[in-house]
Amino acid sequence: MQLTVSKFAKLAGTTVRTLRHYRQLGILVPSQKNENDHYVYINEDFKRLHEIQLLQSLGLSLNEIKASLDKFDEIIRVQEQSLKHRRKAIDCSLALIKRIKLLKEKDQFNELNSELLMLLMNSMRVEEDQKKLLQKYVSTDIIEKVFPENISKQTYLDEQLFNLVLLVHRATIHDLKPDHPSIQQQLKDIIANTQLNHLILHDEEKNEELYKNVKPYESLIPKHTMDFLTEAFEVLNTKKQSSI
């Protein structure tokens, strides 16, 4: 069976323009020519068209299809990995949105502004990287306490994280210094409630190494917030040492 481009397009459920584009790219060139030296399509061309449509449905661009159309098994393997990666990224994004929506149900969340929201979401976004980093220094039990999989525990710790950034936000508004008794008490309570004390290592050398490795994440936090928290923690640690 020989078909002109218009008849082939009609039977295949596509357009003449699309077929001509495929021919120009070299991914679907009609297999034969008729007595008038015009291209005509045959049954085998349907098979190639279906392969192209299948690969497009898997997310490949026409240029990617052109580069590897005859390596079908390899295409499927690579695209499967790509789709899994994209699905994981989408799942992580949806989980992050869900956590933010749960936080928005809390009364204190009405004080949220764009800076606080960005800080919270960035903190959540890098949690997987931080988990991998901590595996070198602490047990999986401690990692689970700091980054729990359980949604209710996770929501509770998200609240404490929000309370921490809200603490700095309120202190800035009311011009309270990091050593103010109210700030110090709230900071002490948050540390106790978030299990952050588990991340203070007894090995001073490893503690310094851990701090060095997590330092790049400080760039996610606005400088004035980081400076305030650094000073507040220093005051708290000094008081703790003096009470021993």
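The values are calculated or read from the model by the stated rules, or taken from the named source; none is laboratory data. As the structure is a computational prediction, the values presented were derived from the model and not from experiment. Don't worry about glycine lacking a Cβ; one is built from the backbone with ideal geometry, like all the others, and counts go over all protein chains shown. All accessible areas refer to the heavy atoms of the entire protein, side chains included, with ligands and DNA or RNA removed. Shrake-Rupley method; radii C 1.70, N 1.55, O 1.52, S 1.80 Å.
Restricting region 1-30 to residues that are among the polar types (S, T, N, Q) and free of Cβ contacts under 8 Å to residues at least 12 places away in the same chain, the residue that is least open to solvent (accessible area, probe 1.4 Å) is T18. Among residues of region 147-170 that are under 15 Å from K104 (Cβ atoms), those with a Cβ under 9 angstrom from a residue that is in a loop (DSSP other than H, G, I, E, B) and basic (K, R), sequence gap 6+ or separate chain, pair up as E159/K106; F162/K106. Return yes or no: is N63 open to solvent by 70 Å² or more (accessible area, probe 1.4 Å), polar (S, T, N, Q), at negative phi and at pLDDT 85 or above? So N63 fits the description; yes.
Of the helices (runs of 4 or more DSSP H) lying entirely inside region 103-190, the ones with 1 or more residues being touching a Leu at 6+ places or on another chain (Cβ under 6 Å) are found at 114-125, 140-146, 151-173.
Does E208 count as modelled with pLDDT under 80, assigned to a helix (DSSP H, G or I) and within 19 Å of N163 (Cα to Cα)? Taking the combined requirement at face value, the residue does not satisfy it. Within region 58-78, residues that are without any contact (Cβ under 8 Å) to a residue 40 or more places away in the chain reach partners that are exposed (fewer than 11 other Cβ atoms within 10 Å of the Cβ) with beta carbons closer than 8 Å, at six or more positions or on different chains, in the pairs S68/E74.
Once region 211-223 is narrowed to residues that are part of a helix (DSSP H, G or I) and either polar (S, T, N, Q) or open to solvent by less than 70 Å² (accessible area, probe 1.4 Å) (or both), the residue that is farthest from M118 (Cα to Cα) is N213. Considering only residues in region 114-167 that are closer than 21 Å to S219 by Cβ and among the small types (G, A, S), the one that is surrounded by the most Cβ atoms within 10 Å (Cβ to Cβ) turns out to be S123.
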